[in-house]
Structures are given as C-alpha cells and as structure tokens.
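Okay, so here's the structure we're looking at.
The values are calculated or read from the model by the stated rules, or taken from the named source; none is laboratory data. All figures in this text were calculated on a predicted structure; none of them were measured in a lab. Positions of Cβ are backbone-derived with ideal geometry, glycine not excepted, and every protein chain shown enters the neighbour counts. These area figures cover heavy atoms from the full protein model, side chains too; ligands, DNA and RNA do not enter into them. Shrake-Rupley method; radii C 1.70, N 1.55, O 1.52, S 1.80 Å.
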Amino acid sequence: MSLNQIWMQRDLAVLWHPCTQMKDHEQLPLIPIRRGDGVWLEDFDGKRYLDAVSSWWVNVFGHANPRINARIREQLDSLEHVMLAGFSHQPVIELSERLVALTPPGLERVFYTDNGSTGIEVALKMSYHYWRNAGQTDKKRFVTLTNSYHGETVAAMSVGDVALFTDTYKPLLLDTFKVPSPDCYLRAEGVSWEDHSRAMFAHMEQTLAEHHAEIAAVIVEPLIQGAGGMRMYHPVYLQLLREACDRYEVHLIHDEIAVGFGRTGTMFACEQAGITPDFLCLSKALTGGYLPMAAVLTTDRVYQAFYDDYETLRAFLHSHTYTGNPLACAAALATLDIFAEDNVIEANKVLAARMASATAHLAGHPHVAEVRQTGMALAIEMVQNKASRTPYPWQERRGLKVYQHALERGALLRPLGSVVYFLPPYCITEQQIDFLAEVAEQGIELATRERVSVAVPGDRYPGFRDPG
Ligand SMILES: *Cc1c(COP(=O)(O)O)cnc(C)c1O
C-alpha cells in the first residue's frame with residue numbers, strides 16, 4: 001500500500017468530510033496532503049497539484065508563505081489567545097485600524113467572528129437589532145438575490161438560494177424576499193452587461209417599493225455570485241441598489257467573503273461601484289488562507305444605535321469564543337503587508353490578462369456557452385447544447401470528470417457543477433496559468449465528448465464545493 005492509501009484508509013475510518021457524499025470515496029480517492037509550497041500541494045506519494053481554486057478561495061499568497069509563517073511564529077511566542085470581552089491585544093487593534101483605513105469611507109467599526117457564515121449571522125442580527133433599537137420593530141425581513149450563497153448556518157442559508165444546500169432545510173429557514181439576480185449569463189444576445197444589470201434592477205426596486213416597511217436589509221454578493229456558479233454582473237447594479245436602500249431606509253449588506261481582497265480586480269468589489277455598504281462582511285482571504293476568521297465592518301450610525309446605558313438593554317450581546325484570535329490577526333496583518341509591499345492589485349492585472357488570453361479560444365468550443373471573467377476569477381460554463389444553452393443534467397456530473405482529469409495532470413481544478421473556473425493564488429505565474437488552461441481544455445474535451453447515457457429529469461443547480 002502506498003502512503004497515500006494508508007492515510008486515506010485511516011481517514012475514512014474516522015472522518016466525515018464537508019460537502020461530501022462519503023460513499024463517493026468508494027471510487028474517488030481521497031487525497032491526503034503532506035505539505036504545501038506556494039501554489040503547490042504535495043500528497044504523501046510525492047505527487048504535486050497546482051491549487052487553481054486557492055483551497056476553497058482562501059489562499060492568496062501561496063501555501064507555507066515565509067512572510068506569513070514568520071509573523072504567526074512571532075505572535076505564537078507572545079500570546080496565542082485571550083478572550084476579547086473585557087480584554088484586548090495589539091494584533092486585533094492594529095488589524096481593526098488597518099481594515100477601517102483600507103475599506104471605503106464610512107465603515108468605522110469592526111466586529112469579529114470565526115468564519116464567513118457567522119459573519120453573515122452577525123450582519124443580519126445587527127441590522128434587525130438596529131431597527132428594533134430605533135423603534136422600527138416591523139423591519140425584520142431580508143431581501144436576497146436568486147442564485148445567491150451566504151453560508152451554511154441556518155440564517156445564512158435562509159438568505160441563500162442554491163437549491164442543493166437549502167432545499168432540504170426549507171422548513172427551518174427564515175422567510176425572505178427573493179429577487180431575480182442581475183446574472184449576466186442570462187442576458188439576451190447583444191445586450192451589454194451594464195444594460196442587463198440595470199434592467200434587472202427593476203425587480204429590486206419593485207420589492208423595495210412594496211415592502212420596505214418590513215425590510216431590514218438587502219444582502220448581496222457584489223459582482224460575482226460564487227457558489228452559484230461564478231455568475232457575474234455589472235457594478236451599476238450596486239450603485240442603483242445603494243441609492244434605493246438609502247431612499248427606502250433599508251440596510252445594504254455586502255458579502256465580500258469570497259470577493260474581497262483583490263478577487264474582482266480591486267481590493268474590494270464595492271470600490272468598483274464607488275459605494276459604501278452599511279455592513280461589509282470579510283473572511284476567506286482575510287488571513288491569507290491561514291486561519292478561520294471573519295470581520296463585519298459597519299458605520300458609526302449603526303454603532304451608535306447600540307451605545308447606551310447597560311440597563312437599556314440595547315447592546316449587541318453576541319459572541320464567539322475565539323473572537324479576534326491573535327494568531328489569526330497576525331496572519332491577516334502579514335497578508336495586508338504583502339498586499340501593500342508588493343503592489344499586488346496592480347501586479348494582478350498582468351495575471352488577469354493572461355487568464356483571459358489563455359482561455360479565450362475555449363469560447364468557440366461546441367460545449368462551452370461562455371467564458372467570463374471579473375478580475376482574478378475566470379469561469380468556463382459547459383453546456384449540453386451551445387445554441388439553446390441547455391445545461392447538462394446535474395446527475396451526469398460532467399464537472400467531476402474535469403476534476404479527475406485535472407488531478408491526473410497535477411492540478412486542483414474543482415468545478416461548480418458544469419462550471420470550470422480558475423480562482424488561483426496571486427503568486428501564480430503566467431506559465432502556470434497556461435498550464436491550467438491546457439488542463440482545463442483537455443478536461444472539458446473529455447467531459448463533453450461522452451454521449452448522454454441516461455435521460456434524467458431535474459434542473460436543480462449543482463452545488464458549491466461539489467465536484468459534480
Ligand atoms: C464561503 C462563503 C461564505 C461562508 O463562509 P464560511 O467561512 O464557509 O462559513 C459566505 N458567503 C460567501 C459569498 C462565501 O463564498
């Protein structure tokens with residue numbers, strides 16, 4: 001037995017993996033990773049994989065980055081953790097100062113949680129609680145876009161709309177308003193992204209006009225609906241939304257958990273619309289992909305609505321045990337240093353252009369409906385019929401074939417259903433991008449060559465994190 005097989009056996013005897021039908025592992029080998037180095041992951045048999053999806057969108061400066069490692073080690077020698085109620089520490093103060101300075105004007109307070117989903121819970125609770133403190137107890141519902149994803153905890157699922165994750169739990173969920181997404185994949189032929197996104201805003205305007213008295217907040221993934229298949233839209237939608245939220249007295253929550261820290265081509269997606277949301281949720285790349293942490297930034301106006309004598313019971317009495325963990329803050333500080341010192345946002349433009357040029361020809365493939373890109377995220381949508389854009393039935397798991405092919409070639413390319421995408425660490429080279437494009441092209445060729453074996457009903461969108 002190889003070392004990989006030994007570790008796989010031990011794993012499968014005791015672990016239950018996230019977002020996995022464990023029975024799949026009867027056929028699909030699990031890959032135990034021994035070490036990481038830059039864009040590479042290495043398994044126990046010495047095989048290397050180029051991490052094209054940044055290990056679920058978190059890693060921006062490579063695995064085992066010497067600069068981030070050093071900062072965490074240094075922190076480890078002085079303070080590993082202290083509770084954040086009644087106590088504080090240097091890394092969390094410095095990080096908060098830097099996040100306030102780095103994000104759009106008006107975001108002046110930072111609240112921390114342990115992961116993206118709980119960051120969303122905080123934004124939803126704070127928004128509802130703000131209106132309650134302001135005497136507006138009717139404002140308790142949330143508006144969300146179709147095909148959106150905001151995490152896995154129950155309230156975060158409630159504001160999401162990827163059926164694979166939420167259908168089962170429907171009886172548990174909050175009742176939200178769902179507004180059709182500005183997703184530009186669905187635009188009519190010849191219509192620009194901008195015109196389509198602008199036109200789709202009419203649905204949002206109508207929902208807000210009719211129901212604003214009972215709406216606390218609108219929550220969106222700015223510019224890219226990640227888990228919903230890397231669907232993209234134009235910043236004009238965010239401008240219109242900010243203006244309407246002000247007009248109707250509704251909060252705007254930006255979930256930049258996936259798109260923050262340079263993914264869309266700017267440090268934060270909201271910069272492209274020139275707006276400031278009332279709540280900005282950050283996680284994933286916040287710590288460079290090292291440690292779990294999320295930050296929710298909000299305005300002084302929101303903060304002041306909770307600031308009062310204890311007896312008024314207006315305080316936000318929400319906590320997570322590991323709030324503001326110093327090691328995670330140290331990783332985040334090192335990550336922000338690299339962004340500044342290496343002028344990363346500017347340097348990424350060259351890489352984004354290479355991602356475009358290396359994949360442009362795939363748009364002509366008979367089973368590719370679209371190659372789309374926003375900054376450092378590029379997606380290739382495979383379809384059964386190019387002219388009608390008929391999707392492959394999700395049960396055929398075409399994306400899984402691309403995944404398996406890529407593993408053989410030494411790349412971690414984990415499609416979302418039939419959407420093959422690159423979301424690489426920013427330390428990738430142009431040559432490595434060319435390699436990924438070549439692997440993706442071969443994978444798509446293999447995955448789409450096979451004829452449909454069974455006619456299967458069902459149009460539910462396949463899911464985030466599902467290699468199928
Ligand atoms: C990943 C993600 C989340 C959830 O973050 P977790 O840390 O996995 O809980 C929420 N929103 C978006 C847009 C995400 O991509």
Checklist entry - Can you give me the pair-distance distribution of the range 68-342, C-alpha pairs, 5 Å bins, whole percents? => result 1, 6, 12, 17, 19, 17, 13, 8, 5, 2, 1, 0, 0
Next on the checklist: Quick check: from the Cα gyration tensor, does the range 351-428 come out rounded (a/c under 1.5), prolate or oblate?
Outcome noted: oblate
Next on the checklist: Per residue, how large is the accessible surface of the chain? Use a 1.4 angstrom probe and give square angstrom.
Outcome noted: 44
Item to check | Cut-off 14 Å between beta-carbons: net charge of the residues surrounding Y248, Lys and Arg +1, Asp and Glu -1 | outcome: -4
Checklist entry - Which one of Q373, G265, H234 has its Cα pushed farthest toward the positive end of the charge dipole of the chain, where Lys and Arg give +1 and Asp and Glu give -1 at the Cβ? => result Q373
Item to check | Karplus (6.51, -1.76, 1.60) ³J(HN,Hα), θ = phi - 60°, over the range 77-92, in Hz, Gly and Pro reported as x | outcome: 6, 10, 7, 8, 6, 8, 4, 9, 8, x, 10, 8, 7, 4, x, 6
Item to check | Prolate/oblate/rounded call for the range 184-303, Cα gyration tensor, a/c under 1.5 rounded | outcome: oblate
Checklist entry - For Y307 and T137, what is the calculated FRET efficiency with R₀ set at 22 Å and r taken between the beta-carbons, to the nearest 0.05? => result 0.65
Checklist outcome for this item: Residue by residue through the range 229-243, the couplings from Karplus 6.51 cos²θ - 1.76 cosθ + 1.60 with θ = phi - 60°, in Hz, x for Gly and Pro, are x, 6, 7, 10, 8, 8, x, 4, 4, 5, 5, 4, 5, 4, 5
Item to check | Calculated [θ] (222 nm, deg cm²/dmol) that DSSP helices of n ≥ 4 give over the chain, each run adding -39,500 (n - 2.57) | outcome: -11500 deg cm²/dmol
Checklist entry - For the range 261-323, what does the alpha-carbon gyration tensor say about shape, rounded, prolate or oblate, given a ≥ b ≥ c as the root eigenvalues, a/c under 1.5 as rounded, and a/b over b/c as prolate? => result oblate
Checklist entry - Which whole number of Å³ per residue matches the convex hull of the alpha-carbon atoms in the range 1-41? => result 95
Item to check | Relative contact order (percent, whole number), the chain, Cα cutoff 8 Å, 6+ residue spacing | outcome: 20
Checklist outcome for this item: Sorting V383, N133, T359 by the position of each Cα along the dipole of the chain (Lys, Arg +1; Asp, Glu -1; all at Cβ), the one nearest the positive end of that ordering is V383
Checklist entry - If ligands, DNA and RNA are left out, what is the accessible area of Y130 with a 1.4 Å probe, given in Å² to the nearest 10? => result 20
Checklist entry - Taking H as built 1.01 Å from N, whose amide H comes closer than 5 Å to the amide H of V179, not counting residues under 5 places away? => result T144, L145, T146
Checklist outcome for this item: Net charge (Lys, Arg +1; Asp, Glu -1) of residues whose beta-carbon lies under 9 Å from that of D300, D300 excluded, is +1
Item to check | 10 Å beta-carbon shell around T103, net charge (K/R +1, D/E -1) | outcome: -2
Checklist outcome for this item: Length gained, K170-R451, 0.36 nm per residue minus C-alpha separation, equals 97.7 nm
Next on the checklist: For the full complex of protein chains and a 1.4 angstrom probe, list W394, W131, W16, W56 by accessible area with the highest value first.
Outcome noted: W16, W394, W56, W131
Checklist entry - Which FRET efficiency value, to the nearest 0.05, is calculated for R198 and R247 with the Förster distance at 25 angstrom and r the Cβ-Cβ distance? => result 0.90
Checklist entry - How long is the range 1-134 along each principal axis, judged by its Cα atoms, biggest number first, in Å? => result 63, 37, 29
Next on the checklist: Semi-axes of the equivalent ellipsoid for the chain, please: Cα gyration tensor eigenvalues, times 5, square-rooted, ordered largest first, whole Å.
Outcome noted: 35, 28, 21
Item to check | Per-peptide average of other Cβ atoms within 10 Å, ordering 442-448, 401-407 highest first | outcome: 401-407, 442-448
Next on the checklist: If you restrict to DSSP beta bridges whose two residues both lie in the chain, what percentage is antiparallel, to the nearest 5?
Outcome noted: 65
Item to check | Rg [Å, one decimal], Dmax [Å, integer] - the range 294-376, C-alpha atoms | outcome: 22.2, 67
Checklist outcome for this item: Among K125/K284; K125/K401; K139/K170, the pairs whose Cα-Cα distance exceeds 30 Å are K125/K401
